[in-house]
1. Would you say B:T11 is of a type in the set (S, T, Y), more than 9 Å from every other protein chain (Cβ to nearest Cβ) and surrounded by fewer than 20 Cβ atoms within 10 Å (Cβ to Cβ)?
2. Please pick out the residue among B:T11, B:T46 that is farther than 17 Å from C:P98 by Cα, of a type in the set (S, T, Y) and touching a Gly at 6+ places or on another chain (Cβ under 7 Å).
3. Just one of (1) touching a His at 6+ places or on another chain (Cβ under 7 Å); (2) away from chain B (no Cβ under 13 Å) trips up A:V135, so point out which.
4. Conditions first: (1) within 8 Å of chain B (Cβ to nearest Cβ); (2) free of Cβ contacts under 8 Å to residues at least 60 places away in the same chain; (3) not in a helix (DSSP H, G or I). A:K73 passes all but one, so which condition is the exception?
5. I'd like the residue in the stretch A:84-138 that is at negative phi and among the acidic types (D, E) and, out of all such residues, is surrounded by the most Cβ atoms within 10 Å (Cβ to Cβ).
6. Report the residue count in the stretch C:107-125 for those that are at the interface with another protein chain (Cβ under 10 Å from one of its Cβ atoms) and outside any strand (DSSP E or B).
7. Considering each of A:G13, A:G4 in turn, give the residue that is small (G, A, S) and part of a strand (DSSP E or B).
Amino acid sequence: MIHGEELCIQTQGFSDIGDVTVKVQEIIGRSGALEGIANIFVIGSTASISTIEFEPALVEDVKDKLEEFAPHKMKSRHSETWGDDNGFSHIRATFMGPGITVPFAKGALILGTWQQIVVIDHDNRPRDRRIFVQVMGE
Amino acid sequence: MIHGEELCIQTQGFSDIGDVTVKVQEIIGRSGALEGIANIFVIGSTASISTIEFEPALVEDVKDKLEEFAPHKMKSRHSETWGDDNGFSHIRATFMGPGITVPFAKGALILGTWQQIVVIDHDNRPRDRRIFVQVMGE
Amino acid sequence: MIHGEELCIQTQGFSDIGDVTVKVQEIIGRSGALEGIANIFVIGSTASISTIEFEPALVEDVKDKLEEFAPHKMKSRHSETWGDDNGFSHIRATFMGPGITVPFAKGALILGTWQQIVVIDHDNRPRDRRIFVQVMGE
């Protein structure tokens, strides 16, 4: 059984991190499947999906590390060529990847207690970010 | 067809790397599926799944690079707030991601000869680490 | 329904980036499935799969960042032990991961307009690189 839905969340950019765990769980609920996988995939090349213990101190730590890894003021050929100043966003996104696949059983996502599914928007401006969730199971 | 099993392995932390390829292959065998995918997902927010040529020299190289990327003595808001000193573990885990999905055909994982599926435990202490393997196929 | 095919592309190494979006879309077309997921997985431990806005300036930016992250002349125990000088390739590959899973609907990959699926070959020589694409859907 396959059930797909698109999520839309508002993001602030510069690796803003948003928790979508509850929304993904709700989609699994609407699918009616009890066992399977949920593929969470962000549409666009300047954002990523991962898991994190979603608490404010750690969220800032991860943003700091991403800024250290590819600073938002870094020079990039992409920014110079296209003038949109988000080369750093693309680099962060390609490194971290565009999606993850999470198993579920008895209708519930299999996650640790302090493990949430998050969208990390690396772009350099607020966006309405679209995420596709494809549920496959039975 | 869907078949899920939980693996449990003992890990030493600080990005200790353990090979679970044989265990994943055994789960595929028990599923009875010949063609499909295996989703390998670590439960918790301080570990990752990836592939590597699992040989001791390279294992040390990867641990060195992770230590360079996010040193275990780095200051973090997470560690200061919660006192568990594993901010670096979370940062490494969120960067690398919590799981991978590997295809199989004729009942066998599709991997290179020198490519193994590994759990990388970034936490700062030994753990009994749980990994869920969801097999989907026919 | 499950449909698997192997892609083979020629790569130049040192994190050479090749666009395989059209080939993955063609495999979905041959599968006959309209809704589902495509798991794109590289066979071997010195390459990665991700998405990127595939344009020449950004491709060079990402290669530069990978060279900064794990320089091709870095010393590694792997290279010293085995003499194949590609420790950096393995490190880059294990960090980025061996594959991604992309959803599709109405027979078409769900991607942003400027988001392409790419193989990044980190090895230190040209290769004929094999990628397995497993399509699951209905």
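Derivation of every value follows stated rules applied to the coordinates shown; laboratory data play no part. Just so we're clear, the structure is a prediction, and the values are computed from it rather than from any experiment. Here the Cβ is made from the backbone with ideal geometry for all residues, glycine too, and neighbour counts use every protein chain on show.
1. So B:T11 does not fit the description; no.
2. Just a single option satisfies the conditions, and that option is B:T11.
3. (2)
4. All conditions are met except number (1).
5. So the residue we want is A:D121.
6. 6
7. Every option except A:G4 fails the conditions.
Residues are listed down the side, and each one gets a yes or a no for (1) closer than 30 Å to B:N86 by Cα; (2) of a type outside the set (D, E, K, R); (3) over 16 Å from the mean Cα position of the chain (by Cα):
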residue: A:I40; (1), (2), (3): yes, yes, no
residue: A:F54; (1), (2), (3): yes, yes, no
residue: A:D61; (1), (2), (3): yes, no, yes
residue: A:F69; (1), (2), (3): yes, yes, yes
residue: A:R77; (1), (2), (3): no, no, yes
residue: A:D85; (1), (2), (3): no, no, yes
residue: A:F95; (1), (2), (3): yes, yes, no
